[in-house]
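Trainee: Have a look at the structure that comes next, please.
Throughout, read-outs are computed from the coordinates displayed, never taken from laboratory work. Predicted, not measured: the structure shown is a model, and the values here were computed from it. Cβ atoms come from the backbone with ideal geometry, glycine included; neighbour counts cover every protein chain shown.
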Amino acid sequence: MTGLKVEIQFASDAGALPAADELEAWAQAAWRHPERGDRVCIRLVDEGEMTDLNGRYRSRPEATNVLSFEAGAVPGVPERPLGDLVICAPVVAREARQQGKAPAAHWAHMVVHGMLHLQGYDHEQAAEAADMEALEVAILAGLGHPDPYRADRAPDGGRQGSGGT
């Protein structure tokens, strides 16, 4: 295995989007299970596209920050797709402002969070959530970003995670 192949699609008119090399670096940092796949597509979208996808696939017709779509092996194709991440640029920017986070730190968190979902991590049960959050915190620390779940970073004093999956 030579490494994760990352395709970036910019489909958002929002300003201040992260650079493709940043998105790729964040995805690479979160890639833990090469046996699950070695290709990912990260698509940055606006609220209209995200609302449509979230409504269609999660029955929640509203924009969310990140959605992950796992892919399966394709017979006869040597590369294995891990899946797709769709990230809503305006939602991520708004959340970063509301939560008092540096935009790059919140973007990194969304990529890391989505990448972990693509590799089978989840946060539906308390124990799963604790494991996934601990891994996110460690990966983000390795990238030089603070713990996104620290209560003192949230304006309401509560934990701040991602709304999508």
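Trainee: First obtain the Kirkwood hydrodynamic radius of the chain from its Cα pairs, then insert it into the Stokes-Einstein equation at 10 °C and 1.306 mPa s, and state the resulting D in µm² per second as a whole number.
Mentor: This corresponds to a translational diffusion coefficient of 99 µm²/s.
Trainee: Another question, if that's okay. Taking 0.36 nm per residue of sequence separation and subtracting the Cα-Cα distance, how much length would be gained by fully extending the chain between GLN125 and ALA71, in nm to one decimal?
Mentor: 17.1 nm
Trainee: Continuing with the same structure: Going by how many other beta carbons lie within 10 Å of each one, how would you line up TRP26, TRP31, fewest first?
Mentor: Least to most surrounded, the residues fall as TRP31, TRP26.
Trainee: Let me check the size of region 45-101 from its C-alpha atoms; what are the radius of gyration and Dmax in Å?
Mentor: 14.4, 47
Trainee: Tally the DSSP beta bridges in the chain and give the antiparallel ones as a percent, rounded to 5.
Mentor: Once the DSSP bridges in the chain are tallied, antiparallel ones form about 25 percent.
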